[in-house]
């Protein structure tokens, strides 16, 4: 069954760049890659984004969010706590951890304001000492009755759009180049969604040492626009 209009509008809202969670202030190491010359034009930007999508996001962040969405749908607070703790523990640099905690906190507070009637969900969120962003996103999807399949695609698209926006501002790329790049990511986003939904628990991995090193270098980078 296709997503209904009301759920689609809610999904577009929580995936919008205008959502006040601070996503625009993070590049997830893209800025460090630009400084080192790894990303310098449209082709290299696409290569970076697709590699990140295939090797990192689709193999850990997205499947973790998928599992959290299932747990919220089932009202399984114990699993939510476990998955949230696991995600936080998997952030292997200070800035990566700070990013997910800050965005998770912001979205959690917004969710409590927008859906005060969903106490079954907001109480679970309130019981977590720190909320990872995928946990808050999954909670928002449950509270707003957004189907998980579409929500996962929305999360992936939102991540990709933020990467492209960073490229447009900082590579820099032109607006048309940025939109062409974003459109070209459609097959990669669809593949990432399938991967995220299909991985077994023992297949999840956030092993990306090169990215971790870039993140640590970015933390002490002399001049930077982004917080990660």
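Things to note:
- Subset of the stretch 22-51 that is at pLDDT below 95 and over 19 Å from residue 217 (Cα atoms) - its residue that is surrounded by the most Cβ atoms within 10 Å (Cβ to Cβ): 23
- Of the residues 153, 146, the single one that is in a helix (DSSP H, G or I), touching a residue at least 40 places away in the same chain (Cβ under 8 Å) and under 17 Å from the mean Cα position of the chain (by Cα) is 153.
- Note on the stretch 172-223: among residues that are in a loop (DSSP other than H, G, I, E, B) and touching a helix residue (DSSP H, G or I) at 6+ places or on another chain (Cβ under 6 Å), the one that is farthest from residue 29 (Cα to Cα) is 199.
- Subset of the stretch 17-50 (residues that are touching a residue at least 40 places away in the same chain (Cβ under 8 Å), in a loop (DSSP other than H, G, I, E, B) and over 22 Å from residue 97 (Cβ atoms)): 17, 36, 39, 40, 41
- Given (1) under 18 Å from residue 51 (Cβ atoms); (2) loosely packed, with under 14 Cβ neighbours inside 10 Å; (3) in contact (Cβ under 8 Å) with a residue 24 or more places away in the chain, index of the condition residue 187 fails: (3)
- So residue 132, is it crowded, with 22+ Cβ neighbours inside 10 Å and either out of contact with any strand residue (DSSP E or B) (no Cβ under 6 Å at 6 or more places or on another chain) or at negative phi (or both): yes
- Only one of the numbered conditions (1) over 14 Å from the mean Cα position of the chain (by Cα); (2) modelled with pLDDT of 95 or more; (3) surrounded by fewer than 22 Cβ atoms within 10 Å (Cβ to Cβ); (4) in a helix (DSSP H, G or I) is not met by residue 54, and that is (1).
- Being modelled with pLDDT of 95 or more, surrounded by fewer than 19 Cβ atoms within 10 Å (Cβ to Cβ), in contact with a helix residue (DSSP H, G or I) (Cβ under 7 Å, 6 or more places away or on another chain) and under 28 Å from residue 4 (Cα atoms) is true of residue 161.
- A single member of 112, 70 is in contact with a helix residue (DSSP H, G or I) (Cβ under 8 Å, 6 or more places away or on another chain), touching a residue at least 60 places away in the same chain (Cβ under 8 Å) and assigned to a helix (DSSP H, G or I), and it is 70.
- When the residues of the stretch 73-93 are filtered to those that are in contact with a helix residue (DSSP H, G or I) (Cβ under 6 Å, 6 or more places away or on another chain), over 18 Å from residue 145 (Cβ atoms) and at pLDDT 95 or above, the one that is surrounded by the most Cβ atoms within 10 Å (Cβ to Cβ) is 84.
- Residue 166 being farther than 27 Å from residue 204 by Cα and either part of a helix (DSSP H, G or I) or over 13 Å from the mean Cα position of the chain (by Cα) (or both): yes
- In the stretch 106-129, the residues that are closer than 30 Å to residue 217 by Cα and surrounded by fewer than 18 Cβ atoms within 10 Å (Cβ to Cβ): 129
- In the condition set (1) crowded, with 18+ Cβ neighbours inside 10 Å; (2) closer than 30 Å to residue 180 by Cα; (3) in contact (Cβ under 8 Å) with a residue 40 or more places away in the chain, residue 100 is compliant with all but (3).
- Here the condition is being over 17 Å from the mean Cα position of the chain (by Cα) and part of a helix (DSSP H, G or I); of 85, 120, it holds for 120 alone.
The values are calculated or read from the model by the stated rules, or taken from the named source; none is laboratory data. Only a predicted model underlies this, so the values are computations on that prediction, with no experimental measurement involved. Because the Cβ atoms are built from the backbone with ideal geometry, glycine has one as well, and the counts that use them run over all protein chains shown.
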